[in-house]
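The values are calculated or read from the model by the stated rules, or taken from the named source; none is laboratory data. None of these values were measured; they are calculated from a predicted model. Every residue, glycine among them, receives a Cβ derived from its backbone with ideal geometry; neighbour counts consider all protein chains shown.
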Ligand SMILES: [Zn+2]
């Protein structure tokens, strides 16, 4: 898909590259087919119109760029293509309000042109005598076209469809009110029907440009922006696999609720038990997970996933013999899957048998390349202990390439991997924090590492840096609260737990915060 992102550099604005997407070269053909000018005058008028569209779209993207730059976000490039433009930010604004400002400033730039051109048009219309006006028909047409063009751009971009500006603004606004998971859900519930209505409208009126835009919103935008791809994935999951959707959102209580309903409907199906067990593990309800896995194994004694997960639980209980035994059975059932090797590597890492651990991780990674970042992090730990720093760093980078967020913040269930690996964590997160690309999750990850290893003061300092960067991330307040609690600073701990409860939209985090508060007394 590399060719899809091909573009040419045409200029710069305050250090930001302005590029033309290769499909811009088709726009002359499109314009010809749409307008079909009859003479040279018509050709010139169409070219002028096309140039006008490009300039108005560019002004729109410059609006986004300027707002982002004023908020301290570097803008890598603006890419223009026949149906609009993209502003590629180096990072997403942390606060929903900043995102709202960046999204809104594109349409705002068009509103400015709209207001100015209409005002000049009306001013001329009323102030200048008709006869004199007739002398300048081109100027009047230019002004009215400019106004209409920008009106269309404003209306279209403000439609509440993600990832259009209107959809982004709606999502950011909702995030400030109802939290991220609910905001995502509402945005999707609004976006999909509006997009479908647009498609229906385009089909009914035979407006193929609009139809093309709709399809491109769903497809081409996805190839150019990773976030939109993730978004589409989320949408598909929402429509067809509700539990999968909540899982991707990290809202484990909803996953459990949804799968429980499914189990009530079809109690003899294995899959929902496995899914619920994974969700229970995420919120650290080990015994509930164990019960679900045992039920799954009663239904299907050779279920490899159930065996693997049960092996994980034995590993957490430090019952390494049982874990390895289950792992062997799992391996016989799926000799070509990387998961049994990954699990075995994890056990040997815990046992301090780094060479065997490394062999298992190599095998896991060789068998199935698309693995979660944690596999590379664990192998990095084994390399680190064996003194091979280069290989350890290569694995860290691979994990970060796969998914920076998942590579930096461990799920609660994986936090124990930090135990005894503080030197590794300092090396890993230190490299990320001092590196060029500043990733705010690194502070949370290192803070978790410090906390698990009893270094509470340093944990608090990292959590605080994280909070400065993303003030609405509940995990940071929960972590800092626990660190304060460990130091006996009860008032500060309670403040943090209350704040976590306030900012989160996920019920398991709310419950966790309440449990922490109760524990404080
Ligand atoms: Zn825009």
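Restricted to segment 484-510, and to residues there that are assigned to a helix (DSSP H, G or I) and surrounded by fewer than 14 Cβ atoms within 10 Å (Cβ to Cβ), the residue that is modelled with the lowest pLDDT is 502.
Among what's in segment 257-268 and is closer than 17 Å to residue 294 by Cα and in contact (Cβ under 8 Å) with a residue 12 or more places away in the chain, pick the residue that is surrounded by the fewest Cβ atoms within 10 Å (Cβ to Cβ). Ranking the qualifying residues of segment 257-268, first place goes to 268.
Among the residues of segment 98-117, is any more than 16 Å from the chain's Cα centre (by Cα) and assigned to a loop (DSSP other than H, G, I, E, B)? No, every residue in segment 98-117 fails to be more than 16 Å from the chain's Cα centre (by Cα) and assigned to a loop (DSSP other than H, G, I, E, B).
Does residue 78 satisfy being part of a strand (DSSP E or B), within 30 Å of residue 14 (Cβ to Cβ) and either under 23 Å from the mean Cα position of the chain (by Cα) or more than 16 Å from the ligand (Cβ to nearest atom) (or both)?
On the way: part of a strand (DSSP E or B): yes; within 30 Å of residue 14 (Cβ to Cβ): yes; either under 23 Å from the mean Cα position of the chain (by Cα) or more than 16 Å from the ligand (Cβ to nearest atom) (or both): yes.
For residue 78, the condition - part of a strand (DSSP E or B), within 30 Å of residue 14 (Cβ to Cβ) and either under 23 Å from the mean Cα position of the chain (by Cα) or more than 16 Å from the ligand (Cβ to nearest atom) (or both) - is met.
Quick check on segment 30-41. Is at least one of its residues within 14 Å of the ligand (Cβ to nearest atom) and not assigned by TED's automatic domain parsing to the domain that holds residue 214? No, every residue in segment 30-41 fails to be within 14 Å of the ligand (Cβ to nearest atom) and not assigned by TED's automatic domain parsing to the domain that holds residue 214.
Checking 454, 481 one by one, the residue that is surrounded by fewer than 17 Cβ atoms within 10 Å (Cβ to Cβ), farther than 22 Å from residue 278 by Cα and in contact with a helix residue (DSSP H, G or I) (Cβ under 9 Å, 6 or more places away or on another chain) is 454 and no other.
Take the conditions (1) farther than 30 Å from residue 468 by Cα; (2) surrounded by 15 or more Cβ atoms within 10 Å (Cβ to Cβ); (3) within 15 Å of the ligand (Cβ to nearest atom); residue 101 misses just one of them, which is (1). Just one of the numbered conditions (1) assigned to a helix (DSSP H, G or I); (2) more than 27 Å from residue 173 (Cα to Cα); (3) modelled with pLDDT of 80 or more; (4) away from the ligand (no atom under 16 Å from the Cβ) is not true of residue 17: (1).
Checked against (1) under 30 Å from residue 406 (Cβ atoms); (2) more than 16 Å from the ligand (Cβ to nearest atom); (3) at pLDDT below 70, residue 135 passes all but a single condition, namely (1).
Select from segment 58-89 the residues that are farther than 30 Å from residue 439 by Cβ and in contact with a helix residue (DSSP H, G or I) (Cβ under 7 Å, 6 or more places away or on another chain) and list them in ascending order. Working first, answer last.
First, pick out the residues of segment 58-89 that are farther than 30 Å from residue 439 by Cβ: 58-59, 82-83.
59, 82, 83, listed by residue number.
Can residue 121 be described as buried (at least 17 other Cβ atoms within 10 Å of the Cβ) and more than 20 Å from the chain's Cα centre (by Cα)? Taking the combined requirement at face value, the residue satisfies it.
Output the residues belonging to segment 180-190 that are surrounded by 18 or more Cβ atoms within 10 Å (Cβ to Cβ) and within 17 Å of the chain's Cα centre (by Cα). Show your work before the answer.
Initially, segment 180-190 is screened for residues surrounded by 18 or more Cβ atoms within 10 Å (Cβ to Cβ), giving 180-181, 183-185, 187-188, 190.
Passing the criteria: 180, 181, 183, 184, 185, 187, 188.
Criterion first (modelled with pLDDT under 75, within 30 Å of residue 401 (Cα to Cα) and more than 16 Å from the ligand (Cβ to nearest atom)) does residue 222 satisfy it? The answer is yes for residue 222.
Looking at 276, 241 in this structure, which one is within 26 Å of residue 306 (Cβ to Cβ) and at pLDDT below 65?
Working: 276 fails: at pLDDT below 65.
Testing whether each residue is within 26 Å of residue 306 (Cβ to Cβ) and at pLDDT below 65 leaves just 241.
A single entry from 335, 301 fulfils the requirement of being farther than 28 Å from residue 189 by Cβ and modelled with pLDDT under 85: 335. Just checking, does segment 53-73 include any residue being over 30 Å from residue 404 (Cβ atoms), away from the ligand (no atom under 16 Å from the Cβ), touching a residue at least 12 places away in the same chain (Cβ under 8 Å) and surrounded by fewer than 21 Cβ atoms within 10 Å (Cβ to Cβ)? Checked against the condition, which is being over 30 Å from residue 404 (Cβ atoms), away from the ligand (no atom under 16 Å from the Cβ), touching a residue at least 12 places away in the same chain (Cβ under 8 Å) and surrounded by fewer than 21 Cβ atoms within 10 Å (Cβ to Cβ), segment 53-73 yields no hits at all.
Just need a number here: residues in segment 138-172 that are in a helix (DSSP H, G or I) and within 16 Å of the ligand (Cβ to nearest atom). Walk me through it before giving the result.
As a first pass, look at segment 138-172 and keep what is in a helix (DSSP H, G or I): 138-157, 165-172.
If we keep only those that are within 16 Å of the ligand (Cβ to nearest atom) too, we end up with 149-157, 165-172.
So the answer is 17.
For segment 401-422, the count of residues that are over 24 Å from residue 250 (Cα atoms) and part of a helix (DSSP H, G or I) is at least one.
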